[in-house]
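**Student:** I'd like to ask you about the structure that follows.
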Amino acid sequence: MGTRDGWLAGELRRRGVSRRELLFFCAGVAGTFGLPASAASQIAAALTRAKKPVLVWLEFQDCCGNTESFLRSGAPTVGEIVLDLLSVDYHETIMAAAGTQAEEALRGVVKGSAGQFLAVVEGSIPTGADGAYCTIGGRSALDIARDVCGKAAATIAVGTCATYGGLPAASPNPTGALGVADAVPGVKNLINLSACPVNAANLAALLTYFLTFKRWPPLDGFRRPLFAYGKTIHDNCERRAHFDAGQYVEIWGDDAHRAGACLYKMGCKGPVTYQNCPTVRWNEGTNWPIGCGHPCIGCAEPDFWDRMTPFYKHLPSIPGFAAASSVDTVGGWLTVGTAAAYVGHGVLKGVQNSRKKGAGPPGEKSSSETGGLP
Amino acid sequence: MSHIVVDPVTRIEGHLRIEAEVDGGQVQDAWSSSTMFRGIELILKGRDPRDAWAFTQRICGVCTTVHAIASVRAVENAIGARPPPNARVLRNLIMAAQCIQDHVIHFYHLHALDWVDVVSALSADPEKTSGLAQSISDWPLSSTKYFAGVKTRLKDFVDRGQLGPFANAYWGHPAYKLPPEANLLAVAHYLEALDWQRQFIKMHAILGGKNPHLQSFLVGGMATPVDPDRQASINMGSVGQMKELTAKARDFVNRVYLPDVLAVASFYKDWAGIGAGVGNYLVYGEYPDSDDPNASLFLPSGVIRGRNLGKVEPLDPTRITEAVKHSWYEDGAQPLHPKEGETKPRYTGPKPPYERLDTAAKYSWLKSPRYGGEPMEVGPLSRMLVAYGSGHKRVQELVGTVLTKLQVGPEALFSTLGRIAARCVETVLLAEKIDSWIDALAGNMEKGDLRIHDTGKWDPASWPAEAFGAGFHEAPRGALGHWVHIKDGRIANYQCIVPSTWNAGPRDGQEKRGPYEAALLRTPVADAKQPLEILRTVHSFDPCMACGVHVVDTERRELALVKAS
């Protein structure tokens with residue numbers, strides 16, 4: 001690339017997109033991020049100047065779910081991201097090259113674009129058995145992550161496994177699995193996009209943000225962008241009115257369930273989960289888990305496989321709140337629900353910090369660490 | 001003799017390494033190794049069995065429904081829960097949608113680049129491409145102008161000098177046989193399929209809230225309320241949306257995918273004689289069309305051995321065993337009953353970074369499942385062969401049409417090309433069938449049957465103190481089984497035997513090769529530095545490695561015989 005300034009402008013012209021239409025699109029982007037309308041022309045200018053940044057996508061102890069989610073991206077589409085907006089030079093699931101030729105591609109980026117490329121990490125990084133729980137081309141995941149993320153301009157951890165260790169790190173963490181922040185401490189410009197998997201809309205928004213502003217968005221204490229993780233599910237839930245009115249689902253398929261009542265008593269973790277599912281929804285706005293009648297399982301939060309389970313047990317036993325007695329008191333719930341959300345956030349953050357100190361060998365995770373929500 | 005290592009095998013799910021000995025332009029021997037382990041069954045111990053589906057679902061995000069289905073079936077089988085008709089129909093819809101979408105993605109985005117030379121497409125004549133497209137299908141996106149646009153887009157992409165995911169591949173390899181026009185046609189459909197899959201999978205968002213990792217499963221039924229008079233339920237609006245999506249799916253599958261498979265295959269008929277493998281095929285069966293647990297399934301179960309299509313044997317799950325002689329687990333001293341036994345992961349391979357695995361010793365995180373001591377291939381080819389051999393009329397018609405068009409006999413099915421054809425036939429079949437389940441859902445609503453869950457078995461207090469269960473499912477990649485042992489309302493033991501374990505597993509205790517290893521024997525390799533042909537055969541199985549790695553059973557132990565409901 002290099003000399004291709006303005007390629008996007010040409011690309012858009014070729015596809016019959018007028019300057020006016022581009023500005024209209026950029027105004028939409030500005031609105032998404034709560035920016036003044038005047039930012040639209042700035043965004044348009046940035047987009048038309050953009051060169052194609054290089055991105056490499058690493059998969060470690062993953063299920064490929066974040067890649068699949070990426071394939072569902074609608075705005076921009078995955079085709080536009082891969083062909084037009086970025087140069088995806090390494091991604092095992094989609095790349096044509098294999099074996100030696102694939103590894104050469106990765107080495108080429110790390111050497112040739114050091115300090116300039118973006119790294120995306122999917123899946124946790126095992127530290128047990130000298131790294132033998134995950135090897136690619138004979139190299140351990142940890143070795144690859146240190147090398148690649150260490151030389152990246154920024155690293156985006158997608159999904160809860162890459163962010164906090166996720167499922168492989170669930171008790172008893174048989175392989176000593178860690179998220180990027182813990183496995184590669186001090187990695188530069190780390191952005192966490194938790195959830196299981198990452199919502200393609202949030203990854204697309206993050207990339208658009210970066211391509212437009214050439215900087216990263218403000219983050220919360222877990223390095224998650226505020227535009228996607230600034231509020232709880234509960235804050236924006238379409239069933240919130242039922243919660244406030246004390247209308248709960250009690251039995252799967254009962255009248256309240258069919259009518260869309262609150263899923264709190266069925267185990268919903270929406271009050272302690274920071275994620276924008278209720279507003280962006282999934283699969284280009286088609287639906288979301290609570291919309292299809294199932295409680296939120298808290299998949300964007302650290303250690304959710306341990307702290308949010310059993311999934312169908314309802315929430316009152318938030319640490320510090322002996323509130324179960326007020327389960328049917330609507331007024332009480334309003335207070336408890338909101339307070340619990342903040343407490344949950346703080347408590348979980350504490351756990352994250354304690355895990356950073358020493359991941360410990362498999363099986364050594366204490367019950368107090370894993371059993372936060374009895 | 002040269003030793004080839006392909007690691008990573010790309011365009012698959014997960015981490016697969018193939019080592020092969022090549023001599024005289026052919027693979028003389030091959031070893032399949034899975035290089036990633038998580039230990040999900042160990043993580044499941046002691047947890048609430050009603051949560052297990054969400055854990056096992058994350059075994060794989062590509063076939064994102066299959067382990068959830070097998071898990072709820074296993075737990076239901078253990079506790080005696082009986083999902084009502086709506087739950088059965090909702091699950092059928094979810095499973096069929098998964099299979100249709102997964103197969104199309106496999107062909108275009110994971111497999112096609114083994115057969116399609118993208119660089120050659122740059123020299124295609126758009127007018128000739130249009131002629132070719134219109135000669136094989138009436139799909140409307142076929143004008144000269146359309147293909148000229150695709151070619152320009154491709155050319156602009158290449159001219160920018162950043163080839164991204166298409167860099168460093170085997171373009172120009174002598175094994176690529178398609179004319180430039182067929183390559184351009186395939187590139188156009190690669191891009192169309194990328195858009196189509198994103199649209200079609202909204203089926204899963206309607207039925208499961210999101211994809212990947214749908215969230216509407218429950219032990220005992222489904223969490224998706226059904227009520228024609230409520231906006232928070234699956235209603236007639238949802239029925240209309242789903243019918244729109246399935247109609248478009250049929251259109252794409254019949255007018256793009258099937259004609260493309262036939263067109264590509266016609267240039268690669270030599271691959272109907274390559275990659276056969278073990279010649280044994282195993283199928284659990286799928287798609288219950290009735291709530292009677294003994295009723296036959298839409299796709300029948302059965303076993304074919306030694307490529308004998310004339311004899312489909314009934315499946316006997318007690319004959320399934322697993323060996324760990326070449327797997328990184330502690331060797332079991334003797335056969336143990338499931339509730340007693342547990343092997344432990346024990347890595348004995350080379351310390352990373354390494355160049356070679358010691359294939360004479362243990363060399364994979366996969367184990368070696370066997371049926372009656374024999375390796376078995378599972379997947380779409382097995383399903384279509386068993387259905388064909390069992391007299392499934394529509395499968396016989398579709399398979400017959402494909403064989404006639406390619407002018408080959410049934411023996412051509414036992415091959416790399418046969419797997420590709422069978423996967424496509426299955427997609428056509430399911431795209432035809434799927435609306436019957438949408439109609440069944442509407443029919444239940446009309447009758448006023450809105451039940452979605454067996455609520456009487458939800459409370460663990462209603463369960464026996466100790467229970468065993470098995471759940472079987474035909475995942476897109478083949479026969480999947482989960483086995484669960486529940487004690488005092490908690491998971492005491494959990495185990496999975498997964499399609500890619502059957503297909504990609506290493507040698508067993510008798511040194512019998514697994515299906516990948518056997519299929520690679522005698523595969524031609526024109527250039528050992530560019531082992532394109534190895535990828536063709538391995539990809540024809542549609543590897544899903546994260547699925548395959550599992551831990552909690554011992555060598556030659558018989559699995560509990562429990563019939564899935």
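The values are calculated or read from the model by the stated rules, or taken from the named source; none is laboratory data. From a predicted model like this one, the values you see are computed outputs, not experimental measurements. Counting neighbours? That spans all protein chains shown, and the Cβs are built from the backbone with ideal geometry, glycine included.
**Student:** I need the full set of residues from the range A:206-221 which are over 17 Å from residue A:188 (Cβ atoms) and outside any loop (DSSP other than H, G, I, E, B), in order please.
**Tutor:** Of everything in the range A:206-221, those that are over 17 Å from residue A:188 (Cβ atoms) and outside any loop (DSSP other than H, G, I, E, B) turn out to be A:207, A:208, A:209, A:211, A:212, A:213.
**Student:** Something else now. For residue B:185, indicate whether it is crowded, with 18+ Cβ neighbours inside 10 Å, away from every other protein chain (no Cβ under 13 Å) and either without any contact (Cβ under 8 Å) to a residue 60 or more places away in the chain or part of a loop (DSSP other than H, G, I, E, B) (or both).
**Tutor:** Against the criterion (crowded, with 18+ Cβ neighbours inside 10 Å, away from every other protein chain (no Cβ under 13 Å) and either without any contact (Cβ under 8 Å) to a residue 60 or more places away in the chain or part of a loop (DSSP other than H, G, I, E, B) (or both)), residue B:185 does not qualify.
**Student:** Also: Suppose we keep only residues that are over 15 Å from residue B:367 (Cα atoms) and aromatic (Phe, Trp, Tyr) within the range B:474-516. Which one would you say is surrounded by the most Cβ atoms within 10 Å (Cβ to Cβ)?
**Tutor:** Here the answer is B:494.
**Student:** A follow-up question, please. Would you be able to tell me the number of residues in the range A:51-77 that are outside any loop (DSSP other than H, G, I, E, B), over 18 Å from residue B:13 (Cα atoms) and either of a type in the set (Phe, Trp, Tyr) or facing chain B (nearest Cβ under 7 Å) (or both)?
**Tutor:** So the count comes out to 2.
**Student:** Step by step: first the residues of the range A:263-301, then only those that are assigned to a strand (DSSP E or B) and within 11 Å of chain B (Cβ to nearest Cβ), then the one that is surrounded by the fewest Cβ atoms within 10 Å (Cβ to Cβ). Which residue is that?
**Tutor:** The extreme case among them is A:287.
**Student:** Look through the range B:65-101, keep the residues that are touching a Lys or Arg at 6+ places or on another chain (Cβ under 9 Å) and within 12 Å of another protein chain (Cβ to nearest Cβ), and return whichever of them is surrounded by the fewest Cβ atoms within 10 Å (Cβ to Cβ).
**Tutor:** B:84
**Student:** Would you be able to tell me the number of residues in the range B:227-242 that are at the interface with another protein chain (Cβ under 7 Å from one of its Cβ atoms) and in contact with a Ser or Thr (Cβ under 9 Å, 6 or more places away or on another chain)?
**Tutor:** 2
**Student:** Tell me, yes or no, whether the range B:433-453 has at least one residue that is under 19 Å from the mean Cα position of the chain (by Cα) and in contact (Cβ under 8 Å) with a residue 12 or more places away in the chain.
**Tutor:** yes
**Student:** Are there any pairs with C-beta distances below 7 angstrom linking a residue in the range B:339-352 that is under 16 Å from residue A:173 (Cα atoms) and facing chain A (nearest Cβ under 9 Å) to a residue that is assigned to a loop (DSSP other than H, G, I, E, B) and modelled with pLDDT under 80, with the two at least 6 apart or on different chains, and if so which?
**Tutor:** B:345/B:551
**Student:** Right, here's the next one. Inside the range B:1-13, can you point out the residues that are surrounded by 24 or more Cβ atoms within 10 Å (Cβ to Cβ) and more than 7 Å from chain A (Cβ to nearest Cβ)?
**Tutor:** Correct list: B:12 only.
**Student:** Then there is this: Search the range B:520-540 for residues being within 9 Å of chain A (Cβ to nearest Cβ) and in a loop (DSSP other than H, G, I, E, B), and hand back the single one that is surrounded by the fewest Cβ atoms within 10 Å (Cβ to Cβ).
**Tutor:** Filtering first and then ranking leaves B:529.
**Student:** Pairs under 7 Å by beta carbon, first residue facing chain A (nearest Cβ under 7 Å) and in contact (Cβ under 8 Å) with a residue 60 or more places away in the chain in the range B:199-226, partner surrounded by fewer than 24 Cβ atoms within 10 Å (Cβ to Cβ) and of a type in the set (Asp, Glu), six or more apart or different chains?
**Tutor:** Within 7 Å, the pairs are B:221/B:454.
**Student:** Let me ask you something else. So, in the range B:498-524, exactly how many residues are more than 21 Å from the chain's Cα centre (by Cα) and either charged (D, E, K, R) or within 19 Å of residue B:325 (Cβ to Cβ) (or both)?
**Tutor:** Selection size over the range B:498-524: 7.
**Student:** Specify the residue that is surrounded by the fewest Cβ atoms within 10 Å (Cβ to Cβ); the eligible residues are those in the range A:108-165 that are touching a Lys or Arg at 6+ places or on another chain (Cβ under 6 Å) and under 29 Å from residue A:217 (Cα atoms).
**Tutor:** Ranking the candidates gives A:114 first.
**Student:** If a residue has to be within 13 Å of chain B (Cβ to nearest Cβ), surrounded by fewer than 22 Cβ atoms within 10 Å (Cβ to Cβ) and not in a loop (DSSP other than H, G, I, E, B) to count, how many in the range A:231-257 make the cut?
**Tutor:** Counting residues in the range A:231-257 that are within 13 Å of chain B (Cβ to nearest Cβ), surrounded by fewer than 22 Cβ atoms within 10 Å (Cβ to Cβ) and not in a loop (DSSP other than H, G, I, E, B) gives 4.
**Student:** State which residue pairs qualify: first residue under 19 Å from residue B:480 (Cβ atoms) and within 9 Å of another protein chain (Cβ to nearest Cβ) and inside the range B:42-64, second residue surrounded by fewer than 24 Cβ atoms within 10 Å (Cβ to Cβ) and among the basic types (Lys, Arg) in any location, beta carbons under 8 Å apart, and separation of 6 or more residues or different chains.
**Tutor:** Listed pairs, sorted by first residue: B:55/B:47.
**Student:** Tally time: how many residues in the range B:150-171 are surrounded by fewer than 21 Cβ atoms within 10 Å (Cβ to Cβ) and either hydroxyl-bearing (Ser, Thr, Tyr) or under 17 Å from residue B:255 (Cα atoms) (or both)?
**Tutor:** 1
**Student:** Still on this structure: For residue B:271, work out the one condition from (1) closer than 16 Å to residue B:508 by Cα; (2) of a type in the set (Phe, Trp, Tyr); (3) more than 14 Å from every other protein chain (Cβ to nearest Cβ) it doesn't fulfil.
**Tutor:** Looking at each condition in turn, residue B:271 falls short on (1).
**Student:** Follow-up. Can you confirm whether the range B:131-149 contains a residue that is crowded, with 20+ Cβ neighbours inside 10 Å, within 14 Å of chain A (Cβ to nearest Cβ) and either closer than 24 Å to residue A:86 by Cβ or without any contact (Cβ under 8 Å) to a residue 24 or more places away in the chain (or both)?
**Tutor:** No - not one qualifying residue is present in the range B:131-149.
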